[in-house]
Amino acid sequence: MKKYIYLFAVSGLFALGSCSDDFLENEPYTELVTENFYSTPKDAFQGLVAVYDILQREGYGNTLLTSEIASDNCFGGYGIADGQGDLEWDRFLFVTDKDMNATAWKTGYQGIYRANILLENLDKVNWGTDTALKTKYEAEARFLRAHFHFQLARMFGDIVALDHTLKTAEYYSPRSSAEETYKLIASDLKFAADNLGTENYSQAGNANYGRITKWAAEAYIARTFLFYTGYYKKADLAGVVSKAQAVTYINDAVNNSGHGLVADYARLWLAASFGQFAGEDNTEMVFAVRFNGSGKGDWNLHEGNRFQVLIAPRGGNIGPYGTGWGGATVNKKLVDAYGTGDTRKAASFIDFAGEGLSFDPVAREQRQYTGYAWKKYCPVTNEHGTGNFQIDNVQDYAVIRFADALLMAAELNLDTNLAFAQTCLDRVRDRAYKDNTHRVTATKTNIMEERRLELALEGLRYFDLLRQGVDVAKAAIDNTGTGTTFNVTYRTETLGWFPLPQSQILLSNGAMTQNPGW
């Protein structure tokens, strides 16, 4: 799945009816339109790859970095002369750029649109006797459609849920209720979990690495269940997945997927592994977005990892770490939360002083310098692709690791199978400390803290706080006493949601209004 094709392009939710003259494998495709394109399984595969392609748009302004800056993990960072948008994400302000979240909105709906185009055309394909292939492609596309909906719903609250491409009369659709949106998400994920085979693609060199599996769908059901039932105080996932079913799914992923923990936590991250990198196709990756350096400096392509440069040390290479823009500086409170002997601390963060690195924040024009930066996902000197260091970095983005699956299983089994919950938590703690003497009792509080430490800088912390309630989020995120540069006041009146892009509100012709508090 390293090579991607481009079939459909959209400019936003309310402009989904138009086609563009993008490229199919970089060749003009003026004659290839949806009415005559889908006829063979090969056509369907190209359409499926076009849906996967949107996953690679995880750069500036998308969910990973935005949510980490909004959480208690990071501040805004970047350079002293850079724009104020990153500080406003950090401080829950909405002043200088009323379209500050337009990229996340656009990316999500591009993915939904491409998925719907494929799903609506699967019946036009001549599958012959291979109907199982049709089901597989449908399951993958529906998983991806659920993923894009969930990314939007976690960030914006009520969104426009789309199970089909918009007709002209629907361009001004109002936002759907949370229940309606999550009913679609849950149905899509359930279809994927129930219809995909038991393959596990996390083996070295597997050509299908990066494609959706049954195990990814089962783990994603658990993630969605925990967020929806937590934030909305519901007993089940929109009437589609019960608590018992969610437990069954996540337990199956833990017990039968063949996934496991990489023995050394540091080996998961290129910059922390000191030449012992486990590789991206390792057993811990349940669902990862693949990147490579084949873009060769072409900003029109999205083959390389574009968020790595954003969090790398500002002002030039330093030690083994490649240069970047110094975004999302790490909060010292997070670093200090790790216990003595926890190997995740050194593997997750660059400690400039502790590593003997002479980093002059004034000379490098680093804003909100804390002494710490991301080691997870930090590019390594000369390890980006053959093109532009800004856009051709190569490390995959781990959306769901097996450690996350274990912690979700621990949380979901607390009420019914405490022994299994304890075992799942112990596995994560034992790996972190490289012994079995640092175990803690499996409780909701301890599991949530373990998620904070295990999954730091992986785009989950803000939403883990939010699903516990805006008061919990405020208690964690509010920051004072370290100088006004780092003052943060979480505003509960926003209900935790990010502001909608103002352009989309205007385009909706009154169908949508701004989120509360913004």
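The values are calculated or read from the model by the stated rules, or taken from the named source; none is laboratory data. Just so it is clear, the structure is predicted and the values come from calculations on it, not from any experiment. Every residue, glycine among them, receives a Cβ derived from its backbone with ideal geometry; neighbour counts consider all protein chains shown.
Tell me, which residue of segment 222-252 that is basic (Lys, Arg) and part of a helix (DSSP H, G or I) is surrounded by the most Cβ atoms within 10 Å (Cβ to Cβ)? Spell out the reasoning first.
Taking segment 222-252 as the starting set, the residues that turn out to be basic (Lys, Arg) are 223, 233-234, 243.
This time we only want the ones that are part of a helix (DSSP H, G or I), so: 223, 243.
Working: Arg223: 22, Lys243: 15.
Only one residue tops the list, namely Arg223.
Suppose the filter is without any contact (Cβ under 8 Å) to a residue 40 or more places away in the chain and part of a loop (DSSP other than H, G, I, E, B); does Gly481 pass it? Walk me through it before giving the result.
Values: without any contact (Cβ under 8 Å) to a residue 40 or more places away in the chain: yes; part of a loop (DSSP other than H, G, I, E, B): yes.
It is true that Gly481 is without any contact (Cβ under 8 Å) to a residue 40 or more places away in the chain and part of a loop (DSSP other than H, G, I, E, B).
Does Leu406 meet the test of being in contact with a Lys or Arg (Cβ under 7 Å, 6 or more places away or on another chain), over 24 Å from Tyr249 (Cα atoms), not in a strand (DSSP E or B) and not hydroxyl-bearing (Ser, Thr, Tyr)? Talk me through it step by step, then tell me what you get.
Numbers: in contact with a Lys or Arg (Cβ under 7 Å, 6 or more places away or on another chain): yes; over 24 Å from Tyr249 (Cα atoms): no; not in a strand (DSSP E or B): yes; not hydroxyl-bearing (Ser, Thr, Tyr): yes.
For Leu406, the condition - in contact with a Lys or Arg (Cβ under 7 Å, 6 or more places away or on another chain), over 24 Å from Tyr249 (Cα atoms), not in a strand (DSSP E or B) and not hydroxyl-bearing (Ser, Thr, Tyr) - is not met.
Starting from segment 160-178, take each residue that is farther than 20 Å from Asn121 by Cα and list its partners that are surrounded by fewer than 17 Cβ atoms within 10 Å (Cβ to Cβ) and hydrophobic (A, V, I, L, M, F, W, C), counting only C-beta distances under 7 angstrom and pairs at least six apart or across chains.
These pairs meet every condition: Tyr172/Ala511; Ser173/Ala511; Pro174/Ala511.
Quick check on Asn317: is it surrounded by fewer than 19 Cβ atoms within 10 Å (Cβ to Cβ), farther than 29 Å from Ala204 by Cβ and of a type in the set (S, T, N, Q)?
yes
Which one is farthest from the chain's Cα centre (by Cα), of the residues in segment 495-518 that are in a loop (DSSP other than H, G, I, E, B) and among the hydrophobic types (A, V, I, L, M, F, W, C)?
Ala511
Can you find a residue in segment 183-200 that is within 18 Å of Asn116 (Cβ to Cβ) and without any contact (Cβ under 8 Å) to a residue 40 or more places away in the chain?
Among the residues of segment 183-200, at least one is within 18 Å of Asn116 (Cβ to Cβ) and without any contact (Cβ under 8 Å) to a residue 40 or more places away in the chain, which makes the answer yes.
Does Lys106 count as modelled with pLDDT of 95 or more and crowded, with 21+ Cβ neighbours inside 10 Å?
Judged against the criteria, Lys106 is a match.
In segment 105-137, what residues are of a type in the set (A, V, I, L, M, F, W, C) and touching a residue at least 60 places away in the same chain (Cβ under 8 Å)?
To start, the set of residues in segment 105-137 that are of a type in the set (A, V, I, L, M, F, W, C) comprises 105, 112, 115, 117-119, 122, 125, 127, 132-133.
Within segment 105-137, Trp105, Ala115, Ile117, Leu118, Leu122, Val125, Trp127, Leu133 meet the criteria.
Looking only at segment 492-517, which residues are surrounded by 17 or more Cβ atoms within 10 Å (Cβ to Cβ) and within 17 Å of Arg91 (Cα to Cα)?
Those that are surrounded by 17 or more Cβ atoms within 10 Å (Cβ to Cβ) and within 17 Å of Arg91 (Cα to Cα): Thr494, Gly496, Trp497, Phe498, Pro499, Leu500, Asn515.
Of all residues being closer than 16 Å to Tyr265 by Cα and without any contact (Cβ under 8 Å) to a residue 40 or more places away in the chain in segment 392-433, which is surrounded by the most Cβ atoms within 10 Å (Cβ to Cβ)? Just the residue, please.
The extreme case among them is Leu425.
Condition check: within 22 Å of Ser39 (Cβ to Cβ), surrounded by fewer than 17 Cβ atoms within 10 Å (Cβ to Cβ) and polar (S, T, N, Q). Does Thr131 satisfy that?
Values: within 22 Å of Ser39 (Cβ to Cβ): yes; surrounded by fewer than 17 Cβ atoms within 10 Å (Cβ to Cβ): yes; polar (S, T, N, Q): yes.
It is true that Thr131 is within 22 Å of Ser39 (Cβ to Cβ), surrounded by fewer than 17 Cβ atoms within 10 Å (Cβ to Cβ) and polar (S, T, N, Q).
To keep it simple, each residue is scored yes or no on (1) buried (at least 22 other Cβ atoms within 10 Å of the Cβ); (2) among the polar types (S, T, N, Q); (3) under 20 Å from Asn208 (Cα atoms).
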position: Tyr265; (1), (2), (3): yes, no, no
position: Ser273; (1), (2), (3): no, yes, no
position: Thr283; (1), (2), (3): no, yes, yes
position: Lys296; (1), (2), (3): no, no, no
position: Lys332; (1), (2), (3): no, no, no
position: Ile350; (1), (2), (3): yes, no, no
position: Ser358; (1), (2), (3): no, yes, no
position: Ala363; (1), (2), (3): no, no, no
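Could you tell me which numbered condition Ile400 fails, if it satisfies all but one of (1) in contact with a Gly (Cβ under 8 Å, 6 or more places away or on another chain); (2) hydrophobic (A, V, I, L, M, F, W, C); (3) closer than 30 Å to Arg57 by Cβ?
Evaluating Ile400 over (1) in contact with a Gly (Cβ under 8 Å, 6 or more places away or on another chain); (2) hydrophobic (A, V, I, L, M, F, W, C); (3) closer than 30 Å to Arg57 by Cβ leaves (1) as the failure.
State all residues of segment 209-245 that are on the phi < 0 side of the Ramachandran plot and at pLDDT below 95; if no residue qualifies, say none.
Selection gives Tyr209 alone.
For the condition in a loop (DSSP other than H, G, I, E, B) and either surrounded by fewer than 17 Cβ atoms within 10 Å (Cβ to Cβ) or on the phi > 0 side of the Ramachandran plot (or both), what is the one hit in Asn388, Asn446, Asn436?
Testing whether each residue is in a loop (DSSP other than H, G, I, E, B) and either surrounded by fewer than 17 Cβ atoms within 10 Å (Cβ to Cβ) or on the phi > 0 side of the Ramachandran plot (or both) leaves just Asn436.
Find all pairs meeting these conditions: Cβ atoms under 6 angstrom apart; at least six residues apart or on different chains; first residue within segment 341-359 and over 16 Å from Glu450 (Cα atoms); second residue assigned to a helix (DSSP H, G or I).
Phe349/Val335
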